[in-house]
Amino acid sequence: MAFTLPELGFAFDALEPHIDAKTMEIHHGKHHNGYTTKLNAAIEGTDLADKDIVSILKGLDMTNMAVRNNGGGFYNHSLFWAVINPNDRGRLSGPLLEAVNKAFGDKEAMMDKFSAAAKTRFGSGWAWLCAHKDGSVEVCSSPNQDNPLMPGVGCGGTPIMGLDVWEHAYYLNYQNRRPDYVAAFFNVVNWNEVEKRYAAVVG
Ligand code: MN3
């Protein structure tokens, strides 16, 4: 089963001024599309070809760089579009807010820690809020297109919120000002989606 580029789910300009339309158009149509195409090429004819993406990443041979980079890129961006979807964003509440309060003290402290992870990730990579089956949550970051579903990467839980800090995610609008882009991210988070993903992990 070949993977297909997921729909963005909203207009390219829907996140302006926080994330600009041109960046969204290139990011989805070129970068994410490229990961998808290359992932399909990398798994074609192998025993990964009939697996879902989560199974592929959890069981990944980390020396398989084509699947690591492109499978990660496919999954990470699919999650990213969902957690910045501008429709029905909601606000952080319920069981996830309780878990955040328990782990970090409050929502602001979690956002500070997440922002620090995003800002201090050297070079290209991602910042993550991850959930564990026991309900606990953690912040971590990972390089390149790695993510915490992969063996030995980051905090080892299931990512429920991710921020792409590759330059292709912000350079047109923010140039070298990654901290401004990271701050802007919290204006576009869809907390309903993050909460839904948390509930799916905790069950
Ligand atoms: Mn990207």
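The values are calculated or read from the model by the stated rules, or taken from the named source; none is laboratory data. Being a predicted model, the structure only gives us computed values, none of them experimental. We place every Cβ from the backbone using ideal geometry, glycine too, and count neighbours over all the protein chains shown. Please note that ligands, DNA and RNA were not included when accessible areas were found on the heavy atoms of the full protein model with its side chains. Shrake-Rupley method; radii C 1.70, N 1.55, O 1.52, S 1.80 Å.
Assorted remarks:
- Where labels lie 7 Å past Cα in the beta-carbon direction, separation of Asp20 and Leu172 in nm: 0.7 nm
- Where labels lie 7 Å past Cα in the beta-carbon direction, separation of Ser124 and Ala103 in nm: 2.6 nm
- Expected 222 nm ellipticity per residue - DSSP helices of 4 or more, -39500 (n - 2.57), all of the chain, to 500: -13000 deg cm²/dmol
- Among Arg177, Arg89, Arg68, the residue with the largest mean-square fluctuation in a Gaussian network model of the chain, with springs joining Cα atoms closer than 10 Å, is Arg177.
- Most mobile listed residue (Ile26, Ile160, Ile84) in the chain, GNM with C-alpha springs under 10 Å: Ile26
- Note on the stretch 123-200: Cα convex hull, mean projected area over all directions, 5.4 nm².
- Comparing Glu16, Glu167, Glu25 in a Gaussian network model of the chain, where Cα atoms under 10 Å apart are tied by springs, the biggest mean-square fluctuation is seen for Glu16.
- Shape parameters for the chain, alpha-carbon atoms, Rg then Dmax in Å: 16.2, 49
- Of all aspartates and glutamates in the structure, those lying under 14 Å Cα to Cα from Lys113, and not within fewer than 8 positions of it along the same chain, are Glu138.
- Pairs beyond 21 Å (Cα-Cα), from Lys38/Lys58; Lys22/Lys196; Lys102/Lys196; Lys58/Lys102; Lys38/Lys133; Lys30/Lys196: Lys22/Lys196; Lys58/Lys102; Lys38/Lys133; Lys30/Lys196
- The mean accessible area for residues of the chain, using a 1.4 Å probe and ignoring ligands and nucleic acids, is 46 Å² per residue.
- Scanning the chain for long hydrophobic helices, with DSSP H runs required to stretch 18 angstrom or more by C-alpha along their axis and to average at least -0.5 on the Kyte-Doolittle scale, returns 65-83, 107-120.
- Of the solvent-accessible surface of the stretch 20-203, computed with a 1.4 Å probe and all protein chains present, 50% belongs to carbon and sulfur.
- Taking all protein chains as they are arranged and a probe of 1.4 Å, the heavy atoms of Tyr171 leave approximately 110 Å² accessible to solvent.
- For Glu195, the solvent-accessible surface with a 1.4 Å probe is about 40 Å², rounded to the nearest 10.
- Between Asp134 and Thr4, the FRET efficiency from the beta-carbon distance, with R0 = 41 Å, is close to 0.75.
- For the stretch 100-172, trypsin sites (Lys or Arg not before Pro) are listed when DSSP marks them as loop and at most 10 other Cβ atoms sit within 10 Å of their Cβ; the list is Lys133.
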